[in-house]
Structures are given as structure tokens and as C-alpha cells.
Amino acid sequence: MEIMRPPEHLVIRPPSEARSLLVRLVRGCNWNRCAFCGIYDFFDTPFSERSLEEVIEDIDALRAIYGDIFKTAFLGDANPLHLKTDFLVQVLEHLRKTFPRLERVTSYARASSLAKKTREELVSIRKAGLDRVHVGMESGSDKVLRFHMKGTTQAQLIDAGHKAMSSGMELSYYVLLGLGGVELWEEHAKESARVLNEVKPHFARIRRLWIHPMSRLGEEIRSGRFTEQTPEGTVLELRSILAELEPSPMVLTCDHANNYIQVEGRIDLHKDGMLEVIDSFLSLPEEQRIRHYRSVPSVI
Ligand code: SF4
């Protein structure tokens, strides 16, 4: 088959999708206003939607280049669930037909976009082949979400989570430690745990806030409206969220290199063990803890 043009690349993908086939449905982020983010500005990628023909052409080109070797696929960039349901269903059906060995297809999604779709729409997207959505919850606190202009609310996070779970999709909620700053860290931890307890997503994925000096949040720090969380405070946030979680099969995982503490496990089975890991770290001599904090890379 003749390839007319190379398929487009994504800007980022979750670490758990390192071996996945990457398919671009939209360029950039349709929201692009979160104070802490700016990822698509740094990579000079303004938002635009791709046409169905372009996406189908990319899928065919990927098949011609790589063959049918992939077990997993990931759809990007930031929020393909913003697209019309019919568009998503057509893309997913073509993807599944072209790569029949795929066992899992996942996508980033904003909670507000999931909340706008009916449960029936989500069921049809799930049936067409989308198995899992990765949602940047970031915080369960309305105050924190508002401060960072996340464009979602606690109520939307809960509604979107329930809808996604009841459609049969797997759900990953990402929590960003440090997002409340020194000012709101307790509220951030408490309300984030509240949303996780309410929704009980399959995965709670923990990240640590990394502040780019050029982001809007960098300006907030310089103007004194936000005080960056300390490394130790970040660990205490993680402990505080974990301690509040009620028994459920939800897996909490710190699956990113920028976390100060790496714990992972099912809440109903491994919560006490994870708390012990954190507590034994906190009981180390201060010098040792500081050395550890300095050794952890600050990356996105
Ligand atoms: S955090 Fe997500 S929703 Fe917010 S601007 Fe960045 S990509 Fe868009």
C-alpha cells in the first residue's frame, strides 16, 4: 500500500502507554487554560480537530508501517472525548478492524467532556472499542480546581466518574500532589479522597506538581498568591489521601518518576502496607530524607 504522508505524532502519552500504538484524533487541548499546565503551548500546538478522513488515513498508514503488532493503542492528544460520539465510534471501529490484535484501547478525557455525554453515548463508545479513559482529576477540591482554572467541579468529577464506570470503561483518575500549595493542601487531600471514595475508579494515579516558570502558575507564585508545597508536605499529602480511602479494589499507583514515594497496591488489600512504607520513610533521619528529595527528578 502506498503511504501518502506520514501519520501525525502525539505530544504526550501516559507512561502506562509506552508500548502502545499512538493515534492522533485532535491536536492540542480544547481547554488549554489550566494554570499549572501549558504543555501544548510549550510544544507550540494550538488546538484543532482532525477530519475523519485524516484520522482514518493515519490508522491505515500506521498499519502499513508497523503491521498488526500492537496489543494496546492510545488516542490523543489531550481530550478526544470532546469529539462527537459518532466520530469516535467510526474511528474506533476502523481502528479495531485494522488492528485486530488490539486488546486494549485508551484515551485521555476531560471530566467535563465525559459529563456532557449521556450514559448511552459512553456505552456506544465503549462497545466500539474504547476500554479505558485517563482523566486528569488533579484535585477533588472546588477551591483548588477554581484557582487553577481546571474548568471542572467536584460534582462533575463524581458524575463523569459514575457514568464512565457504569458504561463499562476502565477509569484512571490522576491526582496532582502539591496542587493546593501550602495554603490549601489539607483541603486538597481531603476533597480528593472524597471524590476517589465516591467514584472508586479502577486506578488512582499519583503525580507531583512540576511548575514551569513560564506557566501561569509561575506568575501566581511570583505574585505571592500561591506558595509551592514542600517535598515533605507532598509526602504528607499522599499519606493523608491514602489514609482517608475506604476499602475498594481501586489500585493506587505512583507510576511516575517524579513521585517522592513510590507505593502501589489495591486499597482493600494493600493500604496498610503502603502506609507503613510512607511512615517508615518519614521516620528516617532528616538528612536522609532531604538527600532523597534532592535525588528525585522534577520532570513532567
Ligand atoms: S491539564 Fe489537561 S485539560 Fe488542562 S490545559 Fe493541560 S491538557 Fe488541557
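The values are calculated or read from the model by the stated rules, or taken from the named source; none is laboratory data. All of these numbers come straight from a predicted model, not from anything done at the bench. No Cβ is skipped: glycine too gets one built from the backbone with ideal geometry, and neighbour counts run over all protein chains shown. Just so you know, the surface numbers come from the protein's heavy atoms only, side chains and all, with ligands and any DNA or RNA stripped out. Shrake-Rupley method; radii C 1.70, N 1.55, O 1.52, S 1.80 Å.
General observations
- Residues being more than 16 Å from the ligand (Cβ to nearest atom), of a type in the set (A, V, I, L, M, F, W, C) and open to solvent by less than 20 Å² (accessible area, probe 1.4 Å) - total across the range 13-71: 6
- Hits in the range 197-230 - residues which are in a helix (DSSP H, G or I) and open to solvent by 50 Å² or more (accessible area, probe 1.4 Å): E198, R216, E219, I221, R222
- Among residues of the range 116-138, those that are out of contact with any strand residue (DSSP E or B) (no Cβ under 8 Å at 6 or more places or on another chain) and either part of a loop (DSSP other than H, G, I, E, B) or open to solvent by 40 Å² or more (accessible area, probe 1.4 Å) (or both), counted: 9
- All positions within the range 89-101 that are touching an Asp or Glu at 6+ places or on another chain (Cβ under 9 Å) and either touching a residue at least 40 places away in the same chain (Cβ under 8 Å) or part of a strand (DSSP E or B) (or both): F99
- Residue within the range 232-251 that is within 16 Å of the ligand (Cβ to nearest atom), surrounded by fewer than 17 Cβ atoms within 10 Å (Cβ to Cβ) and in a loop (DSSP other than H, G, I, E, B) present: no
- Verdict on I125 being modelled with pLDDT of 95 or more, under 16 Å from A204 (Cβ atoms) and away from the ligand (no atom under 16 Å from the Cβ): no
- T45 being out of contact with any His (no Cβ under 9 Å at 6 or more places or on another chain) and β-branched (V, I, T): yes
- Considering the range 128-149, the residues that are under 20 Å from E220 (Cβ atoms) and of a type in the set (D, E) include one that is farthest from the ligand (Cβ to nearest atom), namely D142.
- Unique residue being at pLDDT 95 or above and farther than 25 Å from R104 by Cα when the list is F70, F43, F74, F47: F47
- The condition (being hydrophobic (A, V, I, L, M, F, W, C) and either surrounded by fewer than 13 Cβ atoms within 10 Å (Cβ to Cβ) or part of a loop (DSSP other than H, G, I, E, B) (or both)) is satisfied by just one residue among I261, I290: I261.
- Taking the range 1-30 as the range and being within 14 Å of the chain's Cα centre (by Cα) and modelled with pLDDT of 95 or more as the test, only C29 passes.
Residue-by-condition table, conditions (1) under 22 Å from N30 (Cβ atoms); (2) of a type in the set (A, V, I, L, M):
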residue: G136; (1), (2): yes, no
residue: S166; (1), (2): no, no
residue: G178; (1), (2): no, no
residue: A189; (1), (2): no, yes
residue: P201; (1), (2): no, no
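- Among residues of the range 212-241 that are at negative phi, those with a beta-carbon under 6 Å from a residue that is among the polar types (S, T, N, Q) at least six positions away or on a different chain give the pairs I241/S192.
- One residue from S141, S167 being in contact with an Asp or Glu (Cβ under 8 Å, 6 or more places away or on another chain) and open to solvent by less than 20 Å² (accessible area, probe 1.4 Å): S141
- Check on L88, under 20 Å from G161 (Cα atoms) and either more than 16 Å from the ligand (Cβ to nearest atom) or crowded, with 19+ Cβ neighbours inside 10 Å (or both): yes
- Subset of the range 274-287 [surrounded by 11 or more Cβ atoms within 10 Å (Cβ to Cβ) and within 22 Å of P247 (Cα to Cα)]: M274, L275, E276, V277, I278
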